[in-house]
1. Please label the shape of the chain as rounded, prolate or oblate, based on the square roots a ≥ b ≥ c of the eigenvalues of the alpha-carbon gyration tensor (a/c under 1.5 means rounded; beyond that, a/b larger than b/c means prolate, else oblate).
2. Separation of the stretch 147-224 and the stretch 1-66 by C-alpha centroid, Å?
3. Which order results if 166, 207 are arranged by neighbouring Cβ count within 10 Å, fewest first?
4. By its C-alpha gyration tensor, with a ≥ b ≥ c as the square roots of the eigenvalues, how is the stretch 166-224 shaped: rounded for a/c under 1.5, else prolate for a/b larger than b/c, else oblate?
5. Under the rule of at least 5 residues apart or a separate chain, name every residue whose amide H is placed under 5 Å from the amide H of residue 78.
6. Please state the shape class of the stretch 1-116: rounded when a/c is under 1.5, otherwise prolate if a/b exceeds b/c and oblate if not, all from the C-alpha gyration tensor.
7. Subtract the Cα-Cα distance of residue 49 and residue 21 from 0.36 nm times their separation in residues, and report this length gain in nm to one decimal.
Amino acid sequence: MRFGWRPGAEVLNIASLRVETGESLFLRGPSGSGKSTLLSLIGAVVTPDGGRIRVLGQELGSLAGAARDRFRADHLGVIFQLFNLLPYLSVLENVVLPCHFSGRRRRRTIENTGSPETEGRRLLEHLGLGDPLILSRPVSELSVGQQQRVAAARALIGAPEILIADEPTSALDTDARDAFIALLCAEAARVGSSLLFVSHDAALARDFDRQLDLAQINRVTRAG
Ligand SMILES: Nc1ncnc2c1ncn2[C@@H]1O[C@H](COP(=O)(O)OP(=O)(O)OP(=O)(O)O)[C@@H](O)[C@H]1O
Ligand SMILES: [Mg+2]
């Protein structure tokens, strides 16, 4: 699989990368090495210039626009580098958002606990945001560490098969970071989701089934 944001400037050239069902994989690499780019490819946000990406048996290249959006909403829970929470929505509204975009995740949520709101509260409670007063606050009023846990709950709701976390801990102190990763790994394991976590910080790899350096699998070597 090859990809570059511009012609002649390849960022990724990966012969093969396989993530097993239920596996948690820690992928590390320095800033600018292409970690977020790889996650965009796996999330079908961008398409490779050559080669193929298969997610849950589905060849992403054969999905057209709307089907790609549907696939992403149904099967992927994403915690973005900058969280991408909607500031004008409350904490709980942010968490249940995936259930509005995906009927599948809505159904799975209802099967699990009865309603998206109940499941949202349960997940937030698990992540240490159980205070009912927090649920109705706009996320913009929360601390960065709290926002990160809201983003995690949003990724987890409806138990998507694949969780993707893009360096979601850079703003936290060491203890909060370790606690967050332990929680994320535990929740992923509980629902049987695969977890793909990227970071430049190799010290965070401890809780994961496997760790990998992007440079080991990427044939593109960066100048400078
Ligand atoms: N949307 C974009 N448009 C153009 N170029 C981009 C875009 N996103 C990333 N790049 C380029 O692709 C390369 C890899 O960037 P990427 O964001 O994937 O790195 P990263 O490993 O996630 O870095 P960091 O640890 O800082 O988040 C960089 O050279 C970057 O400038
Ligand atoms: Mg990045």
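Values quoted throughout were computed directly from the atomic coordinates according to the rules given, and no laboratory measurement underlies them. Owing to the predicted nature of the structure, the values given are computational and were not obtained by experimental measurement. All Cβ positions, glycine included, derive from the backbone under ideal geometry; neighbour counts span all protein chains shown.
1. Judged from the Cα gyration tensor, the chain comes out prolate (a/c at least 1.5, a/b above b/c).
2. Centre-to-centre distance over Cα atoms comes out at 16 Å.
3. By the 10 Å Cβ count, ascending: 207, 166.
4. oblate
5. 164
6. prolate
7. Result for the pair: 7.5 nm of gain on full extension.
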